[in-house]
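To start, the structure itself, in structure tokens.
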Amino acid sequence: MEDNVMIKVVGIQAEANDGEAIELQTTGRWYHKNGKDYLLYIDHQLNIDVPTKTRVTFDGSSVSVIRSGGTNTHLLFETGVSHIIPYETAFGILEMVSSTKSIDKEVSQGRIELKVTYNLEINNSDMGLNVFHITATSL
């Protein structure tokens, strides 16, 4: 299955920003292959001068977010597992540690929802609990 979809991504840095949400809405593609779901979209908010191609891959136990272009990084989330992630910014590379608390996925006809809850440390500073929630709906 491959669908053109409307994608809504909401990120919440619960403790660092008083729960303020950062939201992106765009179009992209969704397909299922070899037991995994894939969402592909372009993010213009990370770097307004250079688009960032984003690929989100997920199955029942893990979520991978690969970004290339304006920002280059590979985020990996697995429930109960911590990952050290070099995170590229315009100001240099930061060392992030993500500790995934939960991954929730719901798939229905023409719609998919993914929610990841995780603790985050950046350069040995606790950034608290974070959530990202992606909804993709067929156009």
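The values are calculated or read from the model by the stated rules, or taken from the named source; none is laboratory data. Just so it is clear, the model here is predicted, and its values are computed rather than measured. Because the Cβ atoms are built from the backbone with ideal geometry, glycine has one as well, and the counts that use them run over all protein chains shown.
A few comments on the model shown:
- Checked against the criterion of being among the β-branched types (V, I, T), without any contact (Cβ under 8 Å) to a residue 24 or more places away in the chain and in contact with a Pro (Cβ under 9 Å, 6 or more places away or on another chain), the candidates I93, I22 yield just one match: I93.
- Criterion: closer than 17 Å to V131 by Cβ and part of a loop (DSSP other than H, G, I, E, B) - qualifying residue of G60, G80: G80
- Pick from region 25-39, criterion surrounded by fewer than 16 Cβ atoms within 10 Å (Cβ to Cβ) and free of Cβ contacts under 8 Å to residues at least 24 places away in the same chain, ranking: nearest to L139 (Cα to Cα): T26
- None of S98, S108 is surrounded by fewer than 13 Cβ atoms within 10 Å (Cβ to Cβ), under 18 Å from H133 (Cβ atoms) and hydroxyl-bearing (S, T, Y) except S108.
- Going through (1) surrounded by 13 or more Cβ atoms within 10 Å (Cβ to Cβ); (2) at pLDDT 95 or above; (3) over 19 Å from T27 (Cα atoms) one by one, M127 falls short only on (2).
- Criterion applied to I122, I42, I48 was being exposed (fewer than 12 other Cβ atoms within 10 Å of the Cβ) and of a type in the set (V, I, T), and the one residue passing it is I48.
- Selection status of I134, under 15 Å from Q25 (Cβ atoms) and out of contact with any Asp or Glu (no Cβ under 6 Å at 6 or more places or on another chain): yes
- Residues that are touching a Ser or Thr at 6+ places or on another chain (Cβ under 6 Å) and not in a loop (DSSP other than H, G, I, E, B) were ranked within region 39-57; the one that is nearest to Y118 (Cα to Cα) is T57.
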